[in-house]
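Some notes on the structure that comes next.
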Amino acid sequence: MEPQVSEIIGGTSAQGTANKNNIIIGGSVTGNVTGSEGKIGSENNNIKVAGNVGGTVIGGKTDNGSARNNIISVAGDTQGIL
């Protein structure tokens, strides 16, 4: 039986930026996949999905700052992409 993964976050920062994270999914994730979550920035994250994601795929998110240059490539199935 294939192991179940419920959520993936490439990197987090409670006070600064969370940049340049790479995620490659060949299996299945039941929940969301996020490149990074940074307090003041989330940039240059790469997510490649060859498997399946049951939730949303988010390149990067931030409370107050830039979330640019995040790349998502999908060859499998996902519920949503932001």
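The values are calculated or read from the model by the stated rules, or taken from the named source; none is laboratory data. Computed from a predicted structure; not experimentally measured. Cβ coordinates were reconstructed from backbone atoms using ideal geometry, including for glycine residues, and neighbour counts include every protein chain displayed. When the accessible area is computed, the model is the full protein with side chains, heavy atoms only, and any ligands, DNA or RNA have been set aside. Shrake-Rupley method; radii C 1.70, N 1.55, O 1.52, S 1.80 Å.
The figures follow:
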| quantity | calculated |
| --- | --- |
| Members of segment 27-58 found to be of a type in the set (S, T, N, Q) and within 28 Å of Gln15 (Cα to Cα), listed by number | Asn32, Thr34, Ser36, Ser42, Asn44, Asn45, Asn46, Thr56 |
| Residue ID - surrounded by the most Cβ atoms within 10 Å (Cβ to Cβ), chosen from residues in segment 13-46 that are within 16 Å of Ile71 (Cα to Cα) and among the β-branched types (Val, Ile, Thr) | Thr34 |
| Number of the condition not met by Asn69 [criteria: (1) open to solvent by 40 Å² or more (accessible area, probe 1.4 Å); (2) in contact with a strand residue (DSSP E or B) (Cβ under 9 Å, 6 or more places away or on another chain)] | (2) |
